[in-house]
Amino acid sequence: MNGITVNSGLSRQEIVEMLEINDKTEYDLLISKAYSIKEKFVGKIAYMRGLIEFSNICVKDCLYCGIRKGNDKISRYSMTDDEILKVVYYAYKNKINGIVLQSGEKRSYSFTKRISDLIFSIKDKTNPEFRITLSLGEQTKETYNEWFAAGAQRYLLRIETTNEDLYRKIHPDDNLHSYKSRRECIENIQKAGFQTGTGVMIGLPFQKIEDLADDLLFMKNNEIDMVGMGPYLEHADTPLYDYKYSLIPLKKRMRLSLGMIAVLRILMPEINIASSTALQSIDPVGRELGLLAGANILMPNITPLKYKNSYQLYNNKPCIDEDSAICLRNLKSSVQKIGETISFDDYGDSRHYKNKTIKNIYS
Ligand code: 5AD
């Protein structure tokens, strides 16, 4: 490949070539090109979202995930509304102007209602503009609509992989884990009006570079507003662990993940891209490297310390023995070190979403 131009209309083959770069100079060029696009379109600014993992009880049995239903080695917890509101207030007081409510998947009338009520209480305790992102898995269209109407502005649902065969290999073969339903859910999330986020795992067993190129094109073709993607990391108490010998080495998974972020920034200059926690578990400065490759969102974990240990999606999850205050302090100073600023002034909504909405009004 001879140099990289700003081209948000890359072909599948061009993306594959970019992800396959071996040469250090060319790789550095890719990363710095992505960074300059980030600088131009979203600035050298990182936005924080406080991540609250409020329950690890899950109906799903995904073959890669440490909190899968079938893992009986972990103790299950669910934070009370009061506990959640306390953490939200902590984030608000620390000027973090948005939170992510994440939990294992649960589907019921009472769960839908509980979350709606929680959204109202959060707005009441903070302000109506306070940004709430939900990451609560697959739900009905009506539930997504209800949560959006209640005031949550963003929703994250990773597609995990856009290769249907691979999706089937890493999930049980039943109605609860259908690729088709997952795609439909993402569509319903968009239709409800949310800033919509998705993402994939990188370096899964059986995954090919072409699959990853298709993942990026899926994000582009479906007008996704936010992306969180990171390396697949094995968990000893999951079925996929059996395939750990077939994985690409961690260092390569890291490099590939940063490459994915960089190519995505080139493809979609105005979206929000998270620098995932999984990057940090491979490299202590992984999240900073993510920012330097084009990401602009950080999700410090503000789950109370006593629960953090029970929410291990993969082994070696970082920060689980650190108090939120320490996590936040470390994050702020490390971001400054790479010449970026954490913004406390605005909400950092996805520019892609805003522009899309404006376009729709005038079309
Ligand atoms: N390695 C990396 N990411 C994982 N996730 C779940 N298990 C793992 C793992 N073993 C990711 C999934 C999920 C998100 C909440 O965490 O992509 O959507």
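Listed values, structure above:
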quantity	calculated
FRET E, pair Asp28, Asp165, Förster distance 35 Å, beta-carbon r, rounded to 0.05	0.55
Alpha carbon centroid spacing (whole Å) that separates the range 146-199 from the range 107-141	17 Å
Relative contact order of the chain, pairs being alpha-carbon contacts under 8 Å that are 6 or more residues apart, as %	24 percent
Geometric extent, Cα atoms of the range 236-336 - Rg, Dmax (angstrom)	14.8, 40
Label-point separation in nm, Glu142 to Glu39, each point 7 Å along Cα→Cβ	5.2 nm
Inter-part distance where the range 76-90 and the range 287-363 are each reduced to a Cα centre, Å	19 Å
Antiparallel DSSP beta bridges within the chain, as percent of all bridges there, nearest 5	5 percent
Overall Cα dimensions of the range 93-181, principal axis frame, Å, largest first	45, 28, 18
Set of lysines with alpha-carbon distance to Lys208 below 26 Å, sequence-local pairs under 8 removed	Lys24, Lys33, Lys60, Lys169, Lys180, Lys220, Lys244, Lys251, Lys252, Lys317
When the convex hull of its Cα atoms is projected in every direction, mean area for the range 52-201 (nm²)	8.9 nm²
Loop-located chymotrypsin sites (Phe, Trp or Tyr not before Pro) in the range 191-223 whose Cβ has at most 16 other Cβ within 10 Å (DSSP)	Phe206
Pair Asn360, Ala325: separation of 7 Å Cα→Cβ label points (nm)	4.3 nm
Kirkwood Rh, angstrom, the chain [1 / mean 1/r, Cα pairs]	20.6 Å
Radius of gyration and Dmax over the Cα atoms of the range 1-102, both given in Å	21.1, 57
Charge tally in the Cβ shell below 11 Å around Gln207, where Lys, Arg are +1 and Asp, Glu are -1, Gln207 excluded	-3
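Readers should treat all values here as calculations from the given coordinates under stated rules, not as data from a laboratory. What you see is a predicted model; the values in this text were computed from it and never measured. Neighbour counts are summed over all protein chains in view; Cβ atoms, including those assigned to glycine, are modelled from backbone coordinates with ideal geometry.
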